Amino acid sequence: MNTLASLAVALRALRVNMLRSGLTMLGIVIGVAAVITMVAVGEGAQERVREQIRSLGSNLIIILSGAITQGGARLGFGSQLTITEDDGYAIAREVDLVQATAPVTRGTVQTVFGNLNWGTVLYGITPDYLEVRDWDLQQGRAIAQEDVDAAAKVVLIGQTVANNLFGDADPLDQTIRVRKVPFTVIGVLAKKGQSMQGQDQDDAILVPISTARKRLLGGQQARQRAVVAISVKIRDGADMAEAESQIRDLLRQRHRLGPNQDDDFWLRNLSEVLETQQAAQRVMALLLAAVASVSLVVGGIGIMNIMLVSVTERTREIGLRMAVGARRRDILAQFLIEAVTLAAIGGLIGVGLGILAATGIAYFTDWPVRFAPAAIVLAVGFAAAVGVFFGFYPARKASRLEPMEALRFE
């Protein structure tokens, strides 16, 4: 018998007991579907982390005000603004690994257009801010150095602000009021999405840092060129740890901190944070896939059980085939093909159900899923391998039956 003939005989045998064959495949179907679904969900989680990396900006270090001590009491991070706009310019000028820096002031404001108003976050920025944050414009122009020098009353608005103040209307060249000060909209920012903390990055407006300091913000930010943060973009391929060390040394020197004094600023390397989060998501995805793979093993055991029952039921048939000239390898091939066929068909059905289940999860939970072709091929291949592994013993047992004893079997 050739392979095609063996396949035809195996399929005919499976059709005889359709219900039993279907129930036998059920374990493989569930196993493959679970693997496809879990891998898609895990890949979606990693894609969400990659989106967060892109939304925050690549190779980014954030400098924030650190803890200070007053009257013997150690105050928390950010209790007093200890970094300045000039610190940002010094870092860009003196640290070769730095591509650009963006000092930022921040506050909450109420914006008004016509009879509509919206509370949002105000950022006072320098012209390099959009480059550092890898933030594009959907329309209009960016804030230029001339705007900063003149403390111009111009503003860039995020997508959320644009939707709430203007709806479907064109915001460009319109005038909005920010704390009763009129500002001209010169640009609309491209959609940025949520940050790692779940904050809507599109719910923001950007104005020149000088304008924010002189016209909108009070307190510490209005004096001594203090800023709440400095975003630092490191050159591609540069050593982030070395850049962080050079920035720390420079700031300690500028702030005149002695060897025994703690930093009065805080450096946050976002690349390390996001890489750690991505690694955790990857481990979780592998764990989910491993747990789901247990169903494949259970399905394989079911195939072995049914094939052993099939060998017992068809003992006389096996004896008759061998009596008329079938070789041991023909009997082995026939039962092995039956097992692999059950696993392969179950695997294909499982792929379809897995894709359907993952799509349903994405639709009802708004969770991103990403189908990896390699995972689909691997799941089907593993299902076929399960069929070979668990089907070999029953097939081998059938091929070793003696013709005369098989014919006398009752």
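The values are calculated or read from the model by the stated rules, or taken from the named source; none is laboratory data. Here the structure is a predicted model, which is why all the values come from computation and not from measurement. Cβ: placed from backbone, ideal geometry, glycine included. Neighbour counts: every protein chain shown. Please note that ligands, DNA and RNA were not included when accessible areas were found on the heavy atoms of the full protein model with its side chains. Shrake-Rupley method; radii C 1.70, N 1.55, O 1.52, S 1.80 Å.
Some points to look at:
- The condition of being open to solvent by less than 20 Å² (accessible area, probe 1.4 Å), modelled with pLDDT of 75 or more, in a helix (DSSP H, G or I) and under 23 Å from Ala375 (Cα atoms) does not hold for Val41.
- Pairs meeting the criteria (first residue in the stretch 127-155 and without any contact (Cβ under 8 Å) to a residue 40 or more places away in the chain, second residue surrounded by fewer than 17 Cβ atoms within 10 Å (Cβ to Cβ), beta carbons under 6 Å, at least 6 apart or on different chains) are Pro127/Ala144; Pro127/Gln145.
- Cβ-Cβ under 8 Å pairs, at least 6 apart or on other chains, the stretch 345-369 side touching a residue at least 12 places away in the same chain (Cβ under 8 Å), far side of a type in the set (Asp, Glu) and buried (at least 16 other Cβ atoms within 10 Å of the Cβ): Val369/Glu43
- On inspection, Leu189 does not qualify as buried (at least 16 other Cβ atoms within 10 Å of the Cβ) and modelled with pLDDT under 90.
- Listed by position, the strands (runs of 3 or more DSSP E) inside the stretch 90-151 whose residues that are in contact with a Ser or Thr (Cβ under 7 Å, 6 or more places away or on another chain), of a type in the set (A, V, I, L, M, F, W, C) and at negative phi number at least 2 are 98-113, 116-125.
- Condition check for Val188: assigned to a helix (DSSP H, G or I) and touching a helix residue (DSSP H, G or I) at 6+ places or on another chain (Cβ under 8 Å): no
- Taken residue by residue, the stretch 301-319 has at least one member that is over 30 Å from Ile63 (Cα atoms), β-branched (Val, Ile, Thr) and at pLDDT 75 or above.
Residues checked against (1) without any contact (Cβ under 8 Å) to a residue 40 or more places away in the chain; (2) surrounded by fewer than 17 Cβ atoms within 10 Å (Cβ to Cβ):
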| residue | (1), (2) |
| --- | --- |
| Leu81 | no, no |
| Gly88 | no, no |
| Ile91 | no, no |
| Val95 | no, no |
| Thr101 | no, no |
| Val104 | no, no |
| Thr108 | yes, yes |
| Phe113 | no, no |
| Leu116 | no, yes |
